[in-house]
Amino acid sequence: MSNHIVHLLNVWYPIRDQYQWVLGSVYATQGSSYRKAGSYMLFNDVGQKYGLLSGGCLEADLHNKARQVMLENRALTVQYDTSDEDDINFTLGLGCGGVVDILLQPINSANHYLQLIDVWGLLKARVAVEYRQKIPIDKWGEATSTFSQQPKSLNSKSNKAYLEQTSQESWLVSTISSNPHLLVIGGGIDARPLVAIAAELGWEVTVVDPRPANARLEHFPLASQIKKYSMSELAEQPWLLHVNAAVIMSHSIDIDADALVALAKQKLDYCALLGPKHRQQQVLEKAKITKKTLSFKLAGPAGLDIGAELPESIALAILAECHAKIFKRNAHSLSNVLN
């Protein structure tokens, strides 16, 4: 399961009153840490855990502390200091060399479920949310959260969580966006790994192919939806406004051209057209449009240069480029090992 908060809340909501629950949130870090401020995790009283707040080494200890929170019905702050040789993290094997501060809050009807029902509803409607969680002044304190709708986009760099501090209070402020929505036009064999990897990332994935033999459910079990629309029908769909990225890979000049026409005015963060440059030109000519008339920068040939040849590695190359474009990164090597 994806660690995106939408997926965590998808699991939690139907059984929210069957168990006791605690929301874990990273609210501050210093030095190296696996997860950053604004990362979330859910714990319940039957031992289930959803999400990650570390590389997997703190979760068992956090679950024990979450049980204390359930008993106390109060919020608790916990700090793990991996730079302190006497700290528990050396026993737990965290070893990142940094400090991680985590807030644990009980979730129940008495505190309005920390407003998570409303937050979940807005995220499912693809509305960004500013979520605010009060940090207790002392170790223990009241569990308090608020939220508001935000017009910010998914790829806004201001989406990073931060601590808002006054002389009296401290709040973790996070802008949370829904997970990306990827449109895949073409349901052939090479689209299968692309859809599977995108779904594993937690993305919403819609596959569209008008041909009866393509885009069959048994071949795309992880797709959010499969549609047999023509490209003219696709252009009329209201959900198209919420698509962040598209990959056109039908292997049909006609369908690819019609797809470009259908998407030409959409405000996409990323759009890729499979195939070499000479084929791209054929598609553009068939569509009777130019790259300059598109509302997005067309990626073609698609993907990063990672030496991809097989469908699985091509899917990886395309999604890596797509991910970088959506989240406004330059996709360079962090270690410069490729230089």
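Numbers below:
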quantity	calculated
Selection status of Ile176, open to solvent by 10 Å² or more (accessible area, probe 1.4 Å) and touching a helix residue (DSSP H, G or I) at 6+ places or on another chain (Cβ under 9 Å)	yes
Residue list for the range 308-339, filter: part of a loop (DSSP other than H, G, I, E, B) and open to solvent by less than 60 Å² (accessible area, probe 1.4 Å)	Ala308, Ala331, Ser333
Output for the range 1-40, where each listed residue is open to solvent by 10 Å² or more (accessible area, probe 1.4 Å) and assigned to a strand (DSSP E or B)	Tyr27, Ala28, Thr29, Gln30, Tyr40
Complete set of residues in the range 278-316 that are without any contact (Cβ under 8 Å) to a residue 60 or more places away in the chain and farther than 22 Å from Ile255 by Cβ	Lys292, Leu304, Asp305, Ile306, Gly307, Ala308, Glu309, Leu310, Ser313
Residue ID - farthest from the chain's Cα centre (by Cα), chosen from residues in the range 216-258 that are farther than 22 Å from Val127 by Cα and among the aromatic types (Phe, Trp, Tyr)	Tyr229
Test: residue in the range 71-78 that is farther than 12 Å from Asp101 by Cα and β-branched (Val, Ile, Thr)	no
Residue match in the range 180-197 (condition: free of Cβ contacts under 8 Å to residues at least 12 places away in the same chain and either crowded, with 21+ Cβ neighbours inside 10 Å or under 23 Å from the mean Cα position of the chain (by Cα) (or both))	no
Long-range neighbours under 6 Å by Cβ, at least six apart or interchain, first residue more than 15 Å from Tyr27 (Cβ to Cβ) within the range 51-75, second of a type in the set (Asp, Glu) and surrounded by fewer than 18 Cβ atoms within 10 Å (Cβ to Cβ)	Met70/Asp45
The range 150-177: number of residues that are out of contact with any Ser or Thr (no Cβ under 9 Å at 6 or more places or on another chain) and either modelled with pLDDT of 90 or more or in a strand (DSSP E or B) (or both)	5
Residues of the range 41-68 satisfying the condition of being in contact with a helix residue (DSSP H, G or I) (Cβ under 8 Å, 6 or more places away or on another chain), open to solvent by 10 Å² or more (accessible area, probe 1.4 Å) and not aliphatic (A, V, I, L, M)	Asp45, Gly47, Lys49, Tyr50, Gly51, Cys57, Asp61
Test result for Leu116, open to solvent by less than 30 Å² (accessible area, probe 1.4 Å) and at pLDDT 95 or above	yes
Selection count where residues are in contact with a Phe, Trp or Tyr (Cβ under 9 Å, 6 or more places away or on another chain), small (Gly, Ala, Ser) and open to solvent by 40 Å² or more (accessible area, probe 1.4 Å), scope the range 288-307	0
Long-range neighbours under 6 Å by Cβ, at least six apart or interchain, first residue under 19 Å from Ala143 (Cβ atoms) within the range 160-171, second loosely packed, with under 10 Cβ neighbours inside 10 Å	none
Which listed residue is of a type outside the set (Phe, Trp, Tyr), in a loop (DSSP other than H, G, I, E, B) and modelled with pLDDT of 95 or more, from Pro193, Pro210	Pro210
Members of the range 266-287 found to be in a helix (DSSP H, G or I) and open to solvent by less than 60 Å² (accessible area, probe 1.4 Å), listed by number	Arg279, Gln280, Val283, Leu284, Ala287
Some residue of the range 95-106 being modelled with pLDDT of 95 or more, closer than 16 Å to Leu172 by Cβ, open to solvent by 20 Å² or more (accessible area, probe 1.4 Å) and under 25 Å from the mean Cα position of the chain (by Cα)	no
Positions within the range 213-227 being more than 25 Å from Gly300 (Cα to Cα) and either in a loop (DSSP other than H, G, I, E, B) or open to solvent by 80 Å² or more (accessible area, probe 1.4 Å) (or both), in sequence order	Ala213, Arg216, Leu217, Glu218, Pro221, Leu222, Ser224
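The values are calculated or read from the model by the stated rules, or taken from the named source; none is laboratory data. Bear in mind the structure is a predicted one, so any value in this text is a computation, not a measurement. With ideal geometry, Cβ positions are generated from the backbone for all residues, glycine too; neighbour counts draw on all protein chains shown. Each accessible area value is taken on the protein alone, full model and side chains, heavy atoms only, with ligands, DNA and RNA left out. Shrake-Rupley method; radii C 1.70, N 1.55, O 1.52, S 1.80 Å.
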